[in-house]
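I have placed the structure first, in the form of structure tokens, so that the comments after it can refer back to it.
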């Protein structure tokens, strides 16, 4: 475990040197949030309306939080980098190192997110408080309680994306599959809370990564309840276990294929 | 006729300088410090039509900056340059029709197309009418012996075949001057030899002037009659290859294999480079002692084998680089001075 | 047309053709890229069906109007990335000195650079735009307008990328900035302009040229107006001219540059 901590630490320090580049990403984040503030302003029309049980402030905060997870975790490490390692043959050198390749990638990813996520969080808090207004019933203790959920969420997100990248063992370009996964997360879980969809579909969404990656953590932050908390945490632990099992399985198959066919 | 004329050609780069630590970083934001680097410093030379010239120097000496100024990629800060009577910084496009460039590390061919399609593409770039392009492709494919693979996609060709196609493609528009930047880099000795003979042929049959840069002494030695060495932005040597050898090859390397270890005489003009039992390596300065006199001091009965050779050109060039480097500390030293003094 | 112009265009067409041929080497990857990109765009239909179930008009748009907007945004993005993909990675060429290769050729530098790369998935975007048009609001007049605006939009989008990318001639750090600015144009292009009020509208016409590339064309297709059409055409020419001018100013700096740091 210690070696992964060392990898994490060195990536963290490296990322700290690129804070100016990361800050450039605020442009895109701010524009998206800007658009959503206008969109929901228009949709809510008269004050006091509720949509799917959300007030306007809750709705915008929800989008800000899920987009925060989205932008804070946008890293090439689990997507393009991993695909390139595999397609480019670099994997042959990495897989003989005394660590597990997938955990090595995850340690790097978490290292990057440890810099990006707090930076985006600070910006969100700032524009949220100035342009949207504070959330009714929000307490600092909620944030502390939800923190493990956020961390679990971004880890699960990375595990699934890495699984898709690992398909590069068999296909030339894993990108199209990333697009589809991203759109699932984005269209269903990020820009809307699940409650906005027809009731019949909602249980179905709870079975997808959306529930554990974006909806769960964001929902807890804007509308905390202990039952929900336990439910999300339990789902996340299950998801993480299943995701990791899948990841190790695909990786093992891929490496075996590499040994047989020589890439 | 001179195809290239450069007079006092100069290019100065400004390089940002930053002091160490956080304080230095902050200081650099408000008061950026720059330092002038004279990449090319008042270089003058001419190249005649049909010449094959080696333009060499250590990394960062100003070779590629000079080539960039000759081809119009970079504008000089000072001085004048004319290639085929054209000022490259003013009429880059017009010049481009008459020159060719091959950069060893960069491929210009489309790898998924056949050489033939590639040649047609380059024909289109240089505005050749179809009939002329066809005729030219036939001619080039004969000279470079491309017939066997002219319709095979470039990605399936061997490296050597590819380079032949690269060269042919750069000649599609009959350039009068060809700039070759490290044409044989990364190739195996057989292919290298092949490419060299093609370049030679090109120069002879098509009368193309060739301006070559290379770190490969073999390229220089086998191809060029004239050698120009740049270092620290200045020309430190501009001489014919035979002259260079004549001047610098007054030292011979003598390698001996002796029956039994012998004590060698201490004489002026003979330096023992290496001695390991019966194996001895000597350097004889023929300016001080003739080679036959030197041999007289060795017991012929004791000798099993002997090999006398010149100092490799590579070592000579290295010496010139080094001499220029150390002379900088003492102050500027012009090329002529160095030439007269020898090493 | 003069022979010089004809020759220029011939080389550009060949470049694009060969670029696409290269991508077609692996047919499976080629087709999945196109198909999945179209599917990818289609997922956003879900977003708008949901939004329109909450309210019947959004910023003066009905569902089919938003689809038209989306279709035009996709086809505009697609065409620009099929023909001129390099405009979007221009800073890489500038910062790493890769423009040299284009400077030794006797052809127009800007055109050779722009057409030197293609994006396969962009074909999916272009096709998606056309399919959306056919499904939601097809008429002969609208089809021709749609094609025309796809071209003007692609030109505006490319010109904007060229302007932003050219900043790298002066500022090394501008690479990321340029990327975020061009992608912000896509973000705005997929939401109806009616949700933005007041000063923001100025931003969308003056800073990010999405107004003339997407919003006005959609309004013209919904309700034809010759004056507005002329304004779009004029704006397209003006912005392109400005972009070309800035690029060549930058190129002059590239060639006379004495900042080694920016060159490698």
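The values are calculated or read from the model by the stated rules, or taken from the named source; none is laboratory data. Quick caveat: nothing in here was measured; it's all calculated off a predicted structure. Don't worry about glycine lacking a Cβ; one is built from the backbone with ideal geometry, like all the others, and counts go over all protein chains shown.
Taking residue C:69, is it within 14 Å of chain A (Cβ to nearest Cβ) and either modelled with pLDDT under 95 or buried (at least 18 other Cβ atoms within 10 Å of the Cβ) (or both)? For residue C:69, the condition - within 14 Å of chain A (Cβ to nearest Cβ) and either modelled with pLDDT under 95 or buried (at least 18 other Cβ atoms within 10 Å of the Cβ) (or both) - is met. Of the residues in region B:3-48, how many are surrounded by fewer than 16 Cβ atoms within 10 Å (Cβ to Cβ) and at pLDDT 90 or above? Of the residues in that region, 6 qualify.
Out of region A:1-30, which residues are part of a loop (DSSP other than H, G, I, E, B), within 11 Å of chain C (Cβ to nearest Cβ) and surrounded by fewer than 18 Cβ atoms within 10 Å (Cβ to Cβ)? Residue satisfying the conditions is A:18 alone. If you filter region C:216-245 down to residues that are within 30 Å of residue B:65 (Cα to Cα) and surrounded by fewer than 18 Cβ atoms within 10 Å (Cβ to Cβ), you find that the one that is nearest to the other protein chains (Cβ to nearest Cβ) is C:244. Quickly run through region A:138-187 and pick out the residues that are more than 14 Å from chain C (Cβ to nearest Cβ) and under 22 Å from residue C:47 (Cα atoms). Once the filter is applied, which keeps residues that are more than 14 Å from chain C (Cβ to nearest Cβ) and under 22 Å from residue C:47 (Cα atoms), region A:138-187 yields only A:157.
Within region A:31-50, the residues that satisfy the criterion of being surrounded by fewer than 16 Cβ atoms within 10 Å (Cβ to Cβ) and facing chain C (nearest Cβ under 9 Å) are A:41, A:45.
Has region B:58-81 got at least one residue that is surrounded by fewer than 17 Cβ atoms within 10 Å (Cβ to Cβ) and at the interface with chain C (Cβ under 9 Å from one of its Cβ atoms)? Scanning region B:58-81, I find at least one residue that is surrounded by fewer than 17 Cβ atoms within 10 Å (Cβ to Cβ) and at the interface with chain C (Cβ under 9 Å from one of its Cβ atoms), so the answer is yes. Across region B:209-222, the qualifying residues are those that are surrounded by fewer than 20 Cβ atoms within 10 Å (Cβ to Cβ) and either touching a residue at least 60 places away in the same chain (Cβ under 8 Å) or not assigned by TED's automatic domain parsing to the domain that holds residue B:172 (or both), and the one among them that is nearest to residue B:51 (Cα to Cα) is B:221.
Of the helices (runs of 4 or more DSSP H) lying entirely inside region A:201-263, those carrying at least 3 residues that are on the phi < 0 side of the Ramachandran plot and at pLDDT 90 or above are A:216-222, A:226-261. Within the option set C:31, C:93, being without any contact (Cβ under 8 Å) to a residue 40 or more places away in the chain, assigned to a helix (DSSP H, G or I) and within 14 Å of chain A (Cβ to nearest Cβ) holds for one residue only, C:31. Residue check: is residue A:82 more than 14 Å from chain C (Cβ to nearest Cβ) and modelled with pLDDT of 90 or more? Judged against the criteria, residue A:82 is a match. Only one of the listed residues (B:117, B:130) is more than 10 Å from chain C (Cβ to nearest Cβ) and either surrounded by fewer than 18 Cβ atoms within 10 Å (Cβ to Cβ) or closer than 29 Å to residue C:19 by Cβ (or both). That residue is B:130. Any residue at all in region C:55-65 that's surrounded by fewer than 24 Cβ atoms within 10 Å (Cβ to Cβ), within 14 Å of another protein chain (Cβ to nearest Cβ) and in contact with a strand residue (DSSP E or B) (Cβ under 8 Å, 6 or more places away or on another chain)? No, the conditions are met nowhere in region C:55-65. Here A:193, A:118 are screened, and the one residue that is closer than 26 Å to residue C:187 by Cβ and touching a strand residue (DSSP E or B) at 6+ places or on another chain (Cβ under 8 Å) is A:193. Of the residues in region B:223-256, how many are buried (at least 17 other Cβ atoms within 10 Å of the Cβ), out of contact with any strand residue (DSSP E or B) (no Cβ under 6 Å at 6 or more places or on another chain) and part of a loop (DSSP other than H, G, I, E, B)? Qualifying residue count, region B:223-256: 1. Test residue B:170 against the stated conditions and say whether it is in contact (Cβ under 8 Å) with a residue 60 or more places away in the chain and crowded, with 18+ Cβ neighbours inside 10 Å. Yes. The numbered conditions (1) within 22 Å of residue A:32 (Cα to Cα); (2) more than 10 Å from every other protein chain (Cβ to nearest Cβ); (3) under 20 Å from the mean Cα position of the chain (by Cα) are all true for residue C:198 except (3).
Scan region B:91-106 for residues that are touching a residue at least 40 places away in the same chain (Cβ under 8 Å) and more than 10 Å from chain C (Cβ to nearest Cβ) and the total you get is 3. The lone criterion from (1) in a helix (DSSP H, G or I); (2) touching a helix residue (DSSP H, G or I) at 6+ places or on another chain (Cβ under 7 Å); (3) at pLDDT below 95 left unmet by residue C:106 is number (1).
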